[in-house]
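Below you'll find the structure, written out as structure tokens, and then a few comments.
The values are calculated or read from the model by the stated rules, or taken from the named source; none is laboratory data. Note that the coordinates shown come from a computational prediction; the quantities given were computed from them, not determined experimentally. Cβ sites come from the backbone with ideal geometry, for glycine too, and all protein chains shown count toward neighbours. These accessible areas exclude ligands, DNA and RNA; they are computed on the full protein's heavy atoms, side chains included. Shrake-Rupley method; radii C 1.70, N 1.55, O 1.52, S 1.80 Å.
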Amino acid sequence: MFASFRLRFWRIAAVAAALALGCWAGALARSAALSRPASTVPENGVALPAVMYHGLLRDPGLQGTYVIDPALFESDLVYLREHGYTPVHIADLLAWADGAGQLPEKPILLTFDDGAYNNYVYAFPLAQRYGMKIIVSPIGCWADRYSETGEENAAYSTLTWERMREMLGSGLVELQNHTYNLHSAENGRLGSGRREGESEEAYAAVLREDLGRMQERMEAELGAPASCFVYPFGSIGEGEEAIVKSLGFRCTLTCDSRISYITRDASSLFGIGRRLRPPDCSSEEFFGSYLPE
Ligand SMILES: [Zn+2]
């Protein structure tokens, strides 16, 4: 059972890798259909860069598009500190949009998709060392699976709910919804995307069941449901954003490789773009080509 699950984990990772480029192109093609932060700077708009990480591992043989060296992540944190950026949580954005809080001068989101256990091993201690906030988005069924077995392996397992509670308690880690069990490219559906020919009602029922189940699991295990939905593979089905909003989410994160501009209109927190952090370039190269001058 474990062996087949491991295979499944890596097969999904491979599918994700194969979809990497398609993710950007597809997301761009769909962008016109979504309400999203303006690509030009709106009045009183705040630039919000967002970085998308997945796994961190020291073994170069295990590194790739979705797994980078922890030293590179640390180098990113040093770069951001030296350039005056302050990583924030979605809660900070919501408080600001609601008029109940301020944002730092140069906010940025540091996001980790899929909830790999190695986030606890490498990203969490670095977040603590530098006092910087990160956002981790686990997949519910994997969290349940590894919470049941208790297995912890940086190379392939995911975070247990217990580890997530520990990270949450630091105040530096925020946890968001990345579906309960829709993180695959199987069954005619890419992530939480809509199947060909699927009716709006049937699609809404699927999202309500799966995303709602993850919200219930997060509330039960972590004390509160997520405020933000993170689209698996950046795949956004026709009508999905409206359904996600109807489920109570106040923010969505995509794979659009761009900087978003947010305002105190809370609707600007939907469709926030993120840039994937590749394994093969320095912090100077990565941020130099992404962050505003
Ligand atoms: Zn993912």
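Could you give the length gained by full extension between Arg195 and Asp98, i.e. 0.36 nm per residue of separation minus their alpha carbon distance, to one decimal place? The partial results should precede the final answer.
Values: separation 97, 0.36 × 97 = 34.92 nm, distance 3.55 nm.
31.4 nm is the gain from fully extending Arg195 to Asp98.
For segment 212-277, the fraction of alpha-carbon pairs lying more than 16 Å apart is 52 percent, rounded to a whole number.
Going by the alpha-carbon gyration tensor, a ≥ b ≥ c the square roots of its eigenvalues, is segment 104-148 rounded (a/c under 1.5) or, if a/c is not under 1.5, prolate (a/b greater than b/c) versus oblate? The shape class here is oblate.
Using just the alpha carbons, could you tell me how many Å³ per residue the convex hull of segment 137-293 encloses?
Numbers: hull volume 24.1 nm³, N = 157.
Taking the convex hull of the Cα positions in segment 137-293, it is 154 Å³ per residue.
Between segment 155-202 and segment 114-133, how many Å separate their Cα centres? The two parts, judged by their Cα centres, are 19 Å apart. Accessible surface comparison of Cys141, Cys251, probe 1.4 Å, protein chains only, largest first: the order is Cys141, Cys251. Note on Trp161: accessible area is roughly 10 Å² with a 1.4 Å probe, heavy atoms of protein only. Per-residue surface analysis assigns Met164 an accessible area of about 0 Å², computed on protein heavy atoms at 1.4 Å probe radius.
Give me the percent of the accessible area of segment 52-107 that comes from carbon and sulfur atoms, probe 1.4 Å, all protein chains in place.
Working: 1180 of 2460 Å².
Answer for segment 52-107 is 48 percent, counting heavy atoms of protein chains only.
For segment 41-87 versus segment 137-153, the spacing of their alpha-carbon centroids is 24 Å. Placing a label point 7 Å from the Cα of His83 along the Cα-to-Cβ line, no residue of segment 128-145 has its backbone N under 16 Å from it.
For a modelled paramagnetic label at Ala71, 7 Å from Cα along Cα-to-Cβ, the residues of segment 250-289 in reach, with backbone nitrogen under 16 Å, are 279-284. Multiplying the residue separation of Leu247 and Arg129 by 0.36 nm and subtracting their alpha-carbon distance yields 38.9 nm. Three principal axis extents of segment 50-128 based on alpha-carbon atoms, in descending order, are 47, 27, 21 Å. With both labels modelled 7 Å from their Cα along Cα-to-Cβ, the Glu216 to Ala266 distance reads 2.5 nm. Taking all protein chains together, Glu221, Glu105, Glu201, Glu285 sort by accessible area into Glu105, Glu201, Glu285, Glu221, largest first [probe 1.4 Å]. In segment 145-194, the portion of solvent-accessible area held by carbon and sulfur atoms comes to 41 percent [1.4 Å probe, whole percent, DNA, RNA and ligands not counted]. Report D for segment 242-285 in µm² per second (integer): Stokes-Einstein, Kirkwood Rh on Cα pairs, 20 °C, 1.002 mPa s. After rounding, the answer is 175 µm²/s.
Would you mind checking segment 165-191 for residues with the amide N under 16 Å from a putative spin-label position 7 Å along Cα→C-beta of Glu238? Answer for this model: 189-190.
Let me make sure I get this right: for the chain, a, b and c are the square roots of the gyration tensor eigenvalues over alpha carbons, sorted descending. Under 1.5 in a/c it's rounded, otherwise prolate if a/b > b/c, else oblate. Which is it?
Taking the square roots of the gyration eigenvalues as a ≥ b ≥ c, the chain is rounded.
Accessible area per residue for the chain, computed on protein heavy atoms with a 1.4 Å probe, is 42 Å². Which log10 I(q)/I(0) values, to two decimals, does segment 112-218 give at q = 0.12, 0.16, 0.20, 0.24 Å⁻¹ under the Debye formula with one point per Cα? Values, matching the q order: -0.45, -0.73, -0.99, -1.25. Taking a ≥ b ≥ c as the square roots of the eigenvalues of the Cα gyration tensor of segment 81-160, is the shape rounded (a/c under 1.5), prolate (a/b larger than b/c) or oblate? Here segment 81-160 falls in the oblate category. Rounded to the nearest 5, the antiparallel percentage of DSSP beta bridges internal to the chain is 20%.
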